[in-house]
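Below is one structure, written out as structure tokens; comments come after it.
The values are calculated or read from the model by the stated rules, or taken from the named source; none is laboratory data. Remember, it's a predicted structure, so these values are computed and weren't measured experimentally. Don't worry about glycine lacking a Cβ; one is built from the backbone with ideal geometry, like all the others, and counts go over all protein chains shown.
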Amino acid sequence: MATEFITKTKAAIAQLTDPSLSVEGIDITNCDREPIHIPSAIQPHGIMLVLSDRGNKREWRIVSVSQNSAQHLGISAKSLLDKPLSQLLNHSQIEQVKSCLDRAFEAVNPLQLEIQAASSVQLFTAVVHRSGEFVILELEPTDKKESVTFFDFHSLVKRSLSLIQQTTDLTKLCQVAVEEVQRITGFDRVMVYRFDKDESGTVVAEIKQPDMPSYLGLRYPATDIPKQAKYLYILNLLRLIPDVHYQPVTMVSVPSLETKATPIDMSLSSLRSVSPVHIEYLVNMGVQASMSVSLVQDNQLWGLLVCHHNTPRSVSYERRTTCEFLAQVIALELRAKVENEDADYKLNLKTIQMSLTKALLQSESLEEGLTRDAQNLLSLTSSTGAAFCSKNQIKLIGHTPKLAEIEAMMTWLGSRFEQGSIYHTAALGEAYPPAQTFESTTSGLVALAISRVQRLYVLWFRPEVLQTVSWAGEPGKLTELGDSGEVYLSPRQSFERWQQTVIGRSLPWKECEVEAALELRTAVIGLVLQKADELSQLNSELERSNVELDSFAYIASHDLKEPLRGIHNYSSFLIEDYGNELGEDGVDKLNTLMRLTQRMEDLISSLLHYSRLGRSDLSIATVDLNEVVSEVVELVGMNNPDNVSVEVPRSLPVVECDRIQIAELFTNLITNAIKYNSKAQKRIEVGYSTETTADPGRMVFYIQDNGIGIRKKHIETIFRIFKRLHAANRFGGGTGAGLTISKKIVERHGGQLWVDSVYGEGSTFYFTLEAAKHG
Amino acid sequence: MASTNSPYLLVVEDSDEDFEALNRVLGRHCEIEVPLRRCYDGDEALDFLYHKGDYAETETIGPPSLILLDLNMPGSNGREVLQQLKQDEQLRVIPVVVFTTSSNPKDIETCYRHGANSYLIKPMKVQQLKSSVCQLLNYWFGVTTLPETALSATALKRSA
């Protein structure tokens, strides 16, 4: 164990406890503050010596000793005090003790020491460790016959290890643990006691004498073991009480130590005297001897191996160490077993996760990907309801609280994510009291924040499940408020089953379910990044193809026009030079040739214009459309006779647009309206609608004519480039690009262009533009 | 062909058809008669102006009074020729009129930025060609005064 961890844990114990409380003063009202690490007393089955090298570096002096020294050594405590250790041990023994301190504690302890007692030589098991400025030497008398050699140790643990390795799940592991510890120690009852998150504990494995009542499945409240005791269980993995009716043996110390405020810290000591409350507890249970071995995982107390005996029972240091060793092996195995727990279920979760990821890949939106297969989303956490919450809407799946209830909960929920991206509770009503009234009695919630900035959350709900907990005795009776308001603790009197029905709780969320939800977030974020990547690649490809299109258009403009101009010019030269010889017919044909080249040039120019339209930047300004329309009408009017009327029934609004492009749009549409019109009086109306569109910032404009109209089947095709409905020389000609260009202009302004038409009666072209913000 | 010292117009044009049309219009329809020299592409034009390559021996030929420059040509195109001429202390005074098919605003902008004196889009119709070319010659050789270094080009009036 790292020294730093030991120091920290000791500090935690010191903070929890009150050193001024003496053993005599401890009762159930203050045992949670009992300084159990500094009892100033030990159990009588050994001797404790406290040594100091202060004053004389070369020699250890005995500064404190347990008062039972006469009993074990035949030398009174008083006569040992302030004496050098050499009084008791010979030089080589002292060197052995010293060398133990130089190396790792577990690797060398214990030592076997032979000490000359009053009449005979007594063999002791000695354990040595440091406590602050002192060295603590604990001696337990041992019988040579009982001591375990390395080979005994090997045969003791070999069987246990092999059995442990064969176990497949947690329950079996714990069962093997209790059986093996019972085999090694011979205790009447051995249990594995597992701590829950709320620090209460449950007996998860048990082996006992047939006539004893079973404690398997019983739950013990957190208050049964005070916090400081839990810390001590981490520091000192094994505690033995050979006889609960022991008389604590007090320590006598040199005067300088006696006056110290804080007695010797016995956290790491195995002889340390235990709390009278704990003794009372054991006595109430009918236990005469007890041993507990800690199951520690990642410096956390996962559980305890607890041994009880109906009569006093001692266990040799070696057998204790074997149990401690087994407990460490079991603790190591725990992780694998816990992970192995529900292996099939976890595999199933992985499958669901993969299918969700696949759905996300194929979906247009996050919402669609997550909710397309609702059952999948629910199965990921074994929930009965879920909600997908995005910035402005919530989608509900299965049994959930009402929409308004979830909406109201969002603010509270938003502050639950300070620690990470996930929050979960099996008792929502406790964490968020308004949830107690949720109609569907939702008690379990897992909330996943995919993006807090974008307020993207996925919530999973579980209903309330009435659960029965078997307490070992009524937990409510353990902590009672006394008259003056202090917490009144009573040591357990009854260990009979007491069943409690727990309300307002769902089944607890398994770690793997919470992890599955978290992994979903990782998958979503991965996908978002991937999409962004694809998009940027697409963009660069688009950019390249735009550049290619640009150069294509450029080549078209030059290389196609040049031969065209040649044809045109040479035709003209032919007419000039040889017109007379060719005759009227020949000249006519050459003129047609020239007209065709002219037409082709128009087409090329339109194409160029169209391709450039998409590439040039818009210069957006606030434009009064009345001005634009009157300019266009004036321009168009120059080439048109009097039989055309353009009406603007009410003043047009001000819009945000590129003035030149919008003027071109009006020119194209008005020109078309005049061109494709065979009526004697051509009427055109320019106006706009005040009806709100899907996008409130946009207005719908229209240009209505009484022209030839468009057959329904052609309505869409007219917008295709160079798609003409009429012969090139009818209706005044044209390249067939005007409407395509118009559509592009509107689309570049973020709007839409469409047409309604009655064949033979006229057409109405509609387009949307953004209204000026202040207009 | 112009004699070595008289003012002349340098036409840089790769298209024979375009050159013939220009030549024809110049000869038949314009009041002002200006001798022509033709280079087929940008590289030749630069050789001609710097008396290099095939033109190493022609140092007696002075610079032209006006250059009519096509933009898209094989080898060094018109843009490069224009850039080089306008960076040259001696030659930058010669007016350069870009005469091209390209109506791309980017080309127009680039040419003026690089010092083109005028930009003319080759018209499609013969009638328009005639009028453009004649106006051009009339302006540069009749209306404006050209710099001394461009060999005090004086237009020769065509005996009408």
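Some observations on this one:
- From the options A:D559, A:D585, A:D624, A:D642, residue that is within 10 Å of chain B (Cβ to nearest Cβ), without any contact (Cβ under 8 Å) to a residue 60 or more places away in the chain and surrounded by fewer than 17 Cβ atoms within 10 Å (Cβ to Cβ): A:D559
- Exclusive hit being of a type outside the set (G, A, S), surrounded by fewer than 22 Cβ atoms within 10 Å (Cβ to Cβ) and in contact with a Ser or Thr (Cβ under 7 Å, 6 or more places away or on another chain), set A:L334, A:L257, A:L271: A:L257
- Test result for B:G27, surrounded by fewer than 15 Cβ atoms within 10 Å (Cβ to Cβ), in contact with an Asp or Glu (Cβ under 9 Å, 6 or more places away or on another chain) and within 13 Å of another protein chain (Cβ to nearest Cβ): yes
- Candidate set: the range B:90-114, residues that are farther than 15 Å from B:D70 by Cα and more than 14 Å from every other protein chain (Cβ to nearest Cβ); chosen: the one modelled with the lowest pLDDT: B:Q90
- A:A556 meets the stated requirement of being within 20 Å of B:N72 (Cα to Cα) and either in contact with a Gly (Cβ under 6 Å, 6 or more places away or on another chain) or among the small types (G, A, S) (or both).
- The listed residues are B:L82, B:L71, and the only one of them that is touching a Leu at 6+ places or on another chain (Cβ under 8 Å) and not aromatic (F, W, Y) turns out to be B:L82.
- Complete set of residues in the range A:722-769 that are modelled with pLDDT under 75 and among the basic types (K, R): A:K723, A:R724, A:R730
- Any hit, the range A:75-90, residues being part of a helix (DSSP H, G or I), touching a Ser or Thr at 6+ places or on another chain (Cβ under 6 Å) and either of a type in the set (G, A, S) or modelled with pLDDT under 75 (or both): yes
- With respect to the stated conditions, A:S571 is assigned to a helix (DSSP H, G or I), of a type outside the set (V, I, T) and within 14 Å of chain B (Cβ to nearest Cβ).
- Scope the range B:72-81; condition crowded, with 24+ Cβ neighbours inside 10 Å and either within 14 Å of chain A (Cβ to nearest Cβ) or under 11 Å from the mean Cα position of the chain (by Cα) (or both); matching residues: B:M73, B:G78
- A:S651 being modelled with pLDDT under 90 and either surrounded by fewer than 18 Cβ atoms within 10 Å (Cβ to Cβ) or hydrophobic (A, V, I, L, M, F, W, C) (or both): no
- Filter result for the condition that a residue is under 30 Å from A:G286 (Cβ atoms) and more than 14 Å from every other protein chain (Cβ to nearest Cβ), over A:T501, A:T592, A:T522: A:T501
- Screening the candidates A:D602, A:D577 for the property of being within 12 Å of chain B (Cβ to nearest Cβ), in a helix (DSSP H, G or I) and either touching a strand residue (DSSP E or B) at 6+ places or on another chain (Cβ under 8 Å) or modelled with pLDDT under 90 (or both) yields one hit, A:D602.
- Scope the range B:52-71; condition of a type in the set (G, A, S) and over 19 Å from the mean Cα position of the chain (by Cα); matching residues: B:G53, B:A56
- Count - residues of the range A:315-354 that are in contact with an Asp or Glu (Cβ under 8 Å, 6 or more places away or on another chain) and either polar (S, T, N, Q) or in a loop (DSSP other than H, G, I, E, B) (or both): 4
- Boolean, A:L529 is more than 14 Å from every other protein chain (Cβ to nearest Cβ), without any contact (Cβ under 8 Å) to a residue 40 or more places away in the chain and aliphatic (A, V, I, L, M): yes
- Yes/no for A:L538 being within 28 Å of A:I741 (Cβ to Cβ) and either more than 9 Å from every other protein chain (Cβ to nearest Cβ) or surrounded by fewer than 13 Cβ atoms within 10 Å (Cβ to Cβ) (or both): yes
- In the range A:171-204, residue farthest from the chain's Cα centre (by Cα) [restricted to those that are part of a strand (DSSP E or B) and among the basic types (K, R)]: A:R189
- When residues of the range B:3-24 are limited to those that are within 14 Å of A:F573 (Cα to Cα) and not hydrophobic (A, V, I, L, M, F, W, C), the one farthest from the other protein chains (Cβ to nearest Cβ): B:N23
- If the condition is being surrounded by fewer than 18 Cβ atoms within 10 Å (Cβ to Cβ), of a type in the set (S, T, Y) and within 13 Å of A:F461 (Cβ to Cβ), then the range A:408-448 contributes A:Y432, A:S440.
- Counting only residues that are away from chain B (no Cβ under 11 Å) and either charged (D, E, K, R) or more than 30 Å from B:L129 (Cα to Cα) (or both), the range A:605-621 holds 6 of them.
- Count - residues of the range A:432-443 that are farther than 20 Å from A:R219 by Cβ, touching a strand residue (DSSP E or B) at 6+ places or on another chain (Cβ under 7 Å) and not aliphatic (A, V, I, L, M): 3
- Residue count, the range B:115-138 (criterion: over 25 Å from A:S551 (Cβ atoms) and either touching a Leu at 6+ places or on another chain (Cβ under 9 Å) or within 12 Å of another protein chain (Cβ to nearest Cβ) (or both)): 13
- Condition met for A:F666 (in a strand (DSSP E or B), among the aromatic types (F, W, Y) and surrounded by 15 or more Cβ atoms within 10 Å (Cβ to Cβ)): no
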